[in-house]
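K.L.:
Take this structure first; my questions come after.
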Amino acid sequence: MMDHIVAHSLRVCQVALALTDALEESRRCMDRNLIQAGALLHDITKTRSFETHENHAETGGRLLEDLGYPAVASIIRQHVRLDVYATASGRCLNEAVLVNYADKRVLNDNVVSLARRMQYITERYCKSAEDMHRISLLWERTRELERQIFSNLAFSPDDLGGRLSADAYRRALQSYHAAAALVDVEHTS
């Protein structure tokens, strides 16, 4: 993965786990390890998609499915567009929803509002009126997800970034770079 995609994935993981931990306090139990794996790997085929123009959510999901991790594959496949969006009862809050939402809140490696992220997505990916309609519908659903998620929490979407540890993020990034350096040394030896 390109370094900026790694940084983005680490931040998405941090956001998803912060939401998971906060939801645990309201007794909405989810598999934290599954969320962590899905968040860290959600863009696993993104780098190659720049050349192949493949749907990285689909190919990433297929890759993890082929490796024998169907639950992680399902999260990766749904990180752009969910199979099922939340209902009025909120019964659809699950691991895929949290990773999907966390991805929508992270621009590069910064936690931003949904409005700011939509602005970026629109500028980068809207090439036609059809693209704009599809993306607008997706963001309408994502805003509803945000309402659903935060109706179970004691803080607002605006407070999310402040709940994240900058030191923990830096340590995770440093650990990744140290591990990547070891792999590079092994490949060149």
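The values are calculated or read from the model by the stated rules, or taken from the named source; none is laboratory data. Treat the numbers as computed from the prediction; the structure is a model and nothing was measured. FYI the Cβ positions are ideal-geometry reconstructions off the backbone, even for glycines, and counts take in every protein chain you see.
K.L.:
So which of Arg141, Arg147 ends up being of a type in the set (Lys, Arg) and within 30 Å of His53 (Cβ to Cβ)?
P.N.:
Arg141
K.L.:
While we're looking at this one, here's another question. In the stretch 149-170, what residues are surrounded by 12 or more Cβ atoms within 10 Å (Cβ to Cβ), in a helix (DSSP H, G or I), modelled with pLDDT under 90 and not small (Gly, Ala, Ser)?
P.N.:
Hit for the stretch 149-170 is Tyr169, nothing else.
K.L.:
Is it true that Leu17 is surrounded by 18 or more Cβ atoms within 10 Å (Cβ to Cβ), in contact with a helix residue (DSSP H, G or I) (Cβ under 8 Å, 6 or more places away or on another chain) and at pLDDT below 95?
P.N.:
no
K.L.:
Which condition breaks for Thr142 when tested against (1) touching a helix residue (DSSP H, G or I) at 6+ places or on another chain (Cβ under 6 Å); (2) assigned to a loop (DSSP other than H, G, I, E, B)?
P.N.:
(2)
K.L.:
Select, from His42, His8, the only residue that is over 22 Å from Ala154 (Cα atoms) and touching a strand residue (DSSP E or B) at 6+ places or on another chain (Cβ under 7 Å).
P.N.:
Working: His42 fails: touching a strand residue (DSSP E or B) at 6+ places or on another chain (Cβ under 7 Å).
Exactly one of His42, His8 is over 22 Å from Ala154 (Cα atoms) and touching a strand residue (DSSP E or B) at 6+ places or on another chain (Cβ under 7 Å), namely His8.
K.L.:
Mind listing just one residue for me: the one in the stretch 131-165 that is in contact (Cβ under 8 Å) with a residue 40 or more places away in the chain and of a type in the set (Asp, Glu) and, of those, farthest from Val84 (Cα to Cα)?
P.N.:
Asp158
K.L.:
Among the residues that make up the stretch 99-120, is at least one of them more than 22 Å from Gln14 (Cα to Cα) and in contact (Cβ under 8 Å) with a residue 24 or more places away in the chain?
P.N.:
no
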